[in-house]
1. For the peptides 67-78, 190-201, what is the packing order when you average, over each peptide's residues, the other Cβ atoms within 10 Å and list the highest mean first?
2. What order do you get for 401-409, 171-179, 110-118 when each peptide is scored by the mean count of other beta carbon atoms within 10 Å, highest first?
3. Rounded if a/c is under 1.5, else prolate if a/b is larger than b/c, else oblate: which is segment 266-314, with a ≥ b ≥ c the root eigenvalues of its Cα gyration tensor?
4. Rounded to whole Å and sorted largest first, what semi-axes of the equivalent ellipsoid does the C-alpha gyration tensor of segment 222-321 yield via the square root of 5 times each eigenvalue?
5. Going by the alpha-carbon gyration tensor, a ≥ b ≥ c the square roots of its eigenvalues, is segment 399-476 rounded (a/c under 1.5) or, if a/c is not under 1.5, prolate (a/b greater than b/c) versus oblate?
6. Give me the log10 of I(q) over I(0) for segment 265-412 at q = 0.17, 0.18, 0.20 Å⁻¹, as the Debye formula computes it from C-alpha points; what are the numbers?
7. What number results when the radius of gyration of segment 351-393, computed over Cα atoms, is divided by 2.2 N^0.38 Å?
8. Between LEU492 and residues 5 or more places away or on another chain, which pairs have amide H atoms under 5 Å apart, with H built 1.01 Å from N, and which residues are they?
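What follows is calculated from the coordinates using simple rules that are stated; it is not laboratory data. Since this is a predicted model, take the numbers as computed values, not measurements. Cβ atoms come from the backbone with ideal geometry, glycine included; neighbour counts cover every protein chain shown.
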Amino acid sequence: MLEGLRRPLAFAAREGFAHLDKVRDLGATLRAATDRVLAVVPGQPSAPLFEWRRALDRFDQAARGERELLVARGLRLVAMLGDRPVLAAPAGAGSAPFAKPRPTGAWTDPATVLPGCGPRIAELLAARGVHRVGDLLGLLPRRYEDRRAVRAIAELAPVSDGERVVVRAQVVRARAVPRRFVELLVEEVGGGPRLTARWFHVHGGFAQRFRPGERLLLAGPLRRYKGQPQMAHPDVLPDGATGIRPVYPDIEGIPPRALEKLARAAVERYADAAPEPLPEALRTRLDLPALAPALRELHAPRADLPRETVAALDGARTPAHRRLAFGEFFLLQLGLGRRRGAARREPGLPCHADAPSALARLRAVLPFVPTRAQERAIAELARDLAGPAPMLRLLQGDVGSGKTLVAFAAAHLALSSGFQAAVMAPTEILAEQHLRTMEAWARALGWRVALLTASTPRGVRESLLALIQAGQIHLLIGTHALLAERVDFAHLGLAVVDEQHRFGVEQRARLREKGASGAAAPHLLVMTATPIPRTLALTAYGDLDLTVIDELPPGRRPPRTRVYVGPRARSRAYAQVGRALAAGRQAFVVCPLVEDSDKVDFAAAVSTADELARLLPAARVGLIHGRLGAAEKDDVMARFRARQVDLLVATTVIEVGVDVPDASVMVVEHAERFGLAQLHQLRGRVGRSPEADALCMLLSPRGGGASSAERLRVMATTTDGFRIAEADLALRGFGELYGTRQAGLPRLRFGDLRRDLALLAQARSEAFALLDEDPELVRPQHASLRAALDERAAERIFGEEAG
């Protein structure tokens, strides 16, 4: 069985991961193989294997560097586990038989110790990230049904359609209509009004469970057909089986009742074993219940709860909900605080150059005057660079606010102190954009700059690697290629990571490690053009100091934004494009897909480019998307910048790093398909010239729903990135806004940043106060807290998913 996991890992890792993208559905293959291994591990499972399995959930969305790391870790785990006989299938057998693991009473027990959790259920749970009993107890009900108010059929007249009710009745008859449904006719106990219930897509034997005259309860939404009460797919309960039912999130393939039974078994057998990380003094002071009773209240509410308490449960407003949310925030902030403290104690590489003199030389070569916000940001970075500890700073600025200059100023100070600097960008387009912007400044100051990407020819690469190692390249700009083992700096003093949410913490750490000089570490500057409300920035990047550029350079004109709804509006929008092109301007058209799809009716870049070439015959139409090779992309962008292309049709590959001042018009096809933050980034590609007003047209052929309409309205009424970020948070929520699988922000299971901002602030305050008293959490009363924090760190709560 272990061989089924080792083979795809070994193949993907061959020749320096050259085959990583050649294994079809590699992520799904690894997840399935790991689940088969975990299903036969007896007793307490290998914690590293469980942790690695969790990390595989984000494999398909991860950047290439992170996927390489996951494959390498998997190979190490296979080697560690290879000598366990239980993991090897018997000779001649296709796979090892499923063996029910022995429960140990610990939260790390696999979910398969619970009755009813066999290999198939375990596989479906694992797809949702539920591997252990503790994971199952962390899967909270999404709502609660109060089934204590039982009605007779005669009492249903005032009930509204769709309202959930519990009805007491007796069976009249049940019949199965083959391949269609099972129908149950019930009546008032003792005779009287009748009600019909139907279940679709159930086996015919389902009808045989009902006996005429049997008394039962039906629970579900009530409907009426021709005035007669009906229920579809109601739950069937024994007469007298009332109470408060927790309703769990849907997991495809697992019947709701089966999931409910598993959760109840977990809470009955394991709730008392819940490790309590919060110190008792803290819980007492904040009036927070312990973890065990909180879990019992949420998974198995008492039948005698007042109705207002049930309503509070349903609205996630109970002390138990508050306890779990606070605990999650508290551990998150402790992790950020510990990382911040460790960084402050780490020796750095102070930049001893005369900052005023060095910055004066920089200003002398600039063709513009920096804004006050840029000067303020540069001053903050200069103070950090001169200090004894390594700088760890997040530079946040709206599209076009001038972050590149601030980053270059920091690099110039590092170079002036005898160090090297590196700038890592997530795409070749953005890396090349940084090279074009910084190279002129660098050469004027006497610095040697180079570009290193996956497309760098082998001969050029070998020469570059030697020059970097010899210290002859002062500023190196590149993509993930900078993380390759053979890239070795002579004395790296500053690492700059742009569009930081595209990279994980480990990738940033690997870049910094390239400059480790003894015990000292290079300075780190991470940048983002994605506006993040300050509270969220403190949550995601609480270990970093925050610098915000809140001013646009003079001459930048915020684009006007118009929304065009309906199919006829599209022709009006492209008439505007035609007039702009005739006036000598350039334009972007952004599409959500590369090619047409049978499954969705969204505009595709390839067909749109063909259509526009026919619609606007005088225009020179270009096409760029993610499937093109790097050389093809470079050629298209070079021709667009040189005005050899008038109209560029693109996917979101142009979201960052594209600076073409003469492009002043943009059309976004099916704009309702994009989030506000992404639309804001796209819109930032126009309006970069003081010579012409910019226009962004958002097309929505069918208008979308209310949420889509509100997003487009926000875009049309403001160009303030922070207001847009706040609106996106309110409309779509934390996870949808930033993507729970993206590196950059933590995955939250219990807290809701729209609802719990005050609780977050309280948790941050308490966490940092505790770390002031006990920075390493070595006091006896903090032992369980430290253990919980270490476990969460291993689960990547503070890893690739945290700032």
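1. Details: 67-78: 19.0, 190-201: 14.2.
Order by mean packing, descending: 67-78, 190-201.
2. Details: 401-409: 23.7, 171-179: 13.0, 110-118: 19.4.
The peptides rank, most packed first, as 401-409, 110-118, 171-179.
3. Working: a/c = 3.28, a/b = 1.32, b/c = 2.49.
In terms of gyration-tensor shape, oblate.
4. Details: eigenvalues 216, 59, 29 Å².
Gyration-tensor ellipsoid for segment 222-321: 33, 17, 12 Å.
5. Here segment 399-476 falls in the oblate category.
6. Log10 of I(q)/I(0), two decimals: -0.97, -1.05, -1.21.
7. On the way: Rg = 11.3 Å, N = 43, 2.2 N^0.38 = 9.2 Å.
This ratio for segment 351-393 stands at 1.23.
8. Correct list: GLN420.
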